1. For the range A:71-341, taking Cα atoms only, what is the radius of gyration to one decimal and the Dmax to the nearest whole Å?
2. What does the average come to when, for each residue of peptide A:113-121, you count the partner chain Cβ atoms lying within 10 Å of its Cβ?
3. For helix A:4-39, what angle does its Cα long axis make with the longest principal axis of chain A, in degrees from 0 to 90 and rounded to 10?
4. Using only the Cα atoms of the protein assembly as shown, construct the convex hull and provide its projected area averaged over every direction, in square nanometres to one decimal.
5. Just need the relative contact order of chain B here, percent rounded to a whole number, with Cα pairs under 8 Å and 6+ apart.
6. Considering only the other residues whose Cβ falls under 15 Å of the Cβ of A:GLY120, what net charge follows from Lys and Arg at +1 and Asp and Glu at -1?
7. Can you give the average number of partner chain beta-carbon atoms within 10 Å of each beta-carbon in peptide B:53-63, as a whole number?
8. What is the pair-distance distribution P(r) of the range A:222-319, computed from all Cα-Cα distances in 5 Å bins starting at 0, with each bin given as a whole percent?
Amino acid sequence: MIDWTSIVIVFVEILVVVGALLGGVSIMTWVERRLSAVIQFRRGPNRVGPFGLFQPIADGVKFLMKEEIVPADAYMPIYVLAPGMALTTSVFAFSVIPYGPTIELFGRKIDLVLLDMNGGVLFALAATALGVYAVVCAGWSSRNKYSLIGGLRSSAQMISYELALGLSIIGVLMVSSTLRPTVIVEQQAGWFWNWNVFGGGQLLGFILFVIAGFAETNRLPFDLPEAESELVGGYHTEYSSMKFSMFFMAEYVAMITMAALATTLFLGGYQIGIPLPLEGWPLWILQIMAFVTKVGFFMFLFVWVRWTLPRFRYDQLMNLGWKRLFPLALFNIFLTGILVAFEVI
Amino acid sequence: MELVAFVVLTALALVSGLMVILHRNQVVAALSLAANLVAIAGYYMLLNAQFLALLQVIVYAGAIMVLILFVIMLLNLPEEARKPGTGRVQAGLAIVLAAAFALILGWALIRATDGGGYPAASDTFGTVDSVGQMLFTNFFYAFEAISLLLVVAMIGAVLLAKRSVEP
């Protein structure tokens, strides 16, 4: 007997999560432009709706109506597939992230996480790892030198920084001794000093993770794959209209996923950080809001850094990844090992 | 549910596997190999070997195949080089080896279905915990030996790369 209700619940949950992610993307495009304007003493989009809030809708319509230009030489099957791969892999990675506690709805217990699996942290890493293919395929199939260089740069960069990213979370895994994101979040309950970044002694790991996360999502100061002053647009130079828009969305979804991963691993996930004498719906709503707020903080950080720092040179990028972050991540593992062995944390 | 997943994964694995050997374009072949690796990882997942599945995707599909793709794209072979090999020796050898491989697989299948020899694995044998436990108890020496081997290989690779730059 198939339990149809739970299947329906899963589908609804998927719709809600993907909807929230894409909604977050459209809000972020507005936030990014407004904030960049503030940082650079400009005004930013302020014509469509109050404070320009409806700008994403106008942009969406524009993307849909634009003429689609496909290079004559493009290798079509892969050229068409690449934007989809970019978006799918970044949405995939989000599926293991617990965005809220276990709630009760109509007498059913529902975990606010799409995929509660043993090894969920690795799943998120695996999905991000597959994201490289989208960029590489887009770069190669466009048959454009700028695109190809962008794609190759990005694959080298993402593989290099994946190491630092993976090693920086090992400290968290040693402290929590599990790979299940829901359990990692539960362990950080109570006051905010129980969060892994403070209580777990993972401040160094947290900083390394955030830096590597910037590189992994190809954001400034690590946006060499699409460095517009050198490569026109990098791997998506030859993409137009909705296909370009999908790369754009994929980048923002990847940012949200990275932010959510950092929140889950280091900043207590949906934990509020202050034990409140609440239970039931008020607590659950507050917890989901806490999660959204923390992710929002990281999104602000992404934008803030992008419009503040200049871009790295390519050799500096590789030096930072291999000669600074990598040894520091190893040192963090060593340090955490000592702390765990002497039961300090 | 498991049956549905199995059928989908099998179709993906077969189609992508055939694409690897039949497609003229090396990039497509390499991409199909990556898809094949992911499909096999799905099998591991169905067999409760989650850790193996995730590592397969991260290491093989996420890193090694990307590097291979990298090389193929940089070389960007001209059309003539893309014609399939027609060597008689290769064809004969391929048939013999494929037949041998099929025999071994068939033998394993028969042994597995009649239940003799291969005990069923427990539900938790492939989790991170149990794999880690085994690596650091039963297979500790093998694990350390492999890590030593990898370090040696890495030092060798670095040395070789260095020599070509500084004569």
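1. Here Rg and the maximum Cα pair distance are 19.4, 64 Å.
2. Going residue by residue through A:113-121 and averaging, the value is 3.
3. Rounded to the nearest ten degrees, it is 60.
4. Average of the hull's projected areas for the protein assembly as shown equals 30.6 nm².
5. 19 percent
6. Result for the neighbourhood of A:GLY120: -3.
7. Neighbouring Cβ atoms belonging to other protein chains average 6 per residue here.
8. Whole-percent P(r) values from 0 Å outward: 3, 11, 15, 16, 16, 13, 9, 7, 5, 4, 1, 0.
We did not get these values from a lab; they are worked out from the coordinates using the rules stated. All values reported here derive from a predicted model rather than from experimental measurement. Ideal geometry is used to build each Cβ from the backbone, glycine not excepted, and the neighbour counts take in all protein chains shown.
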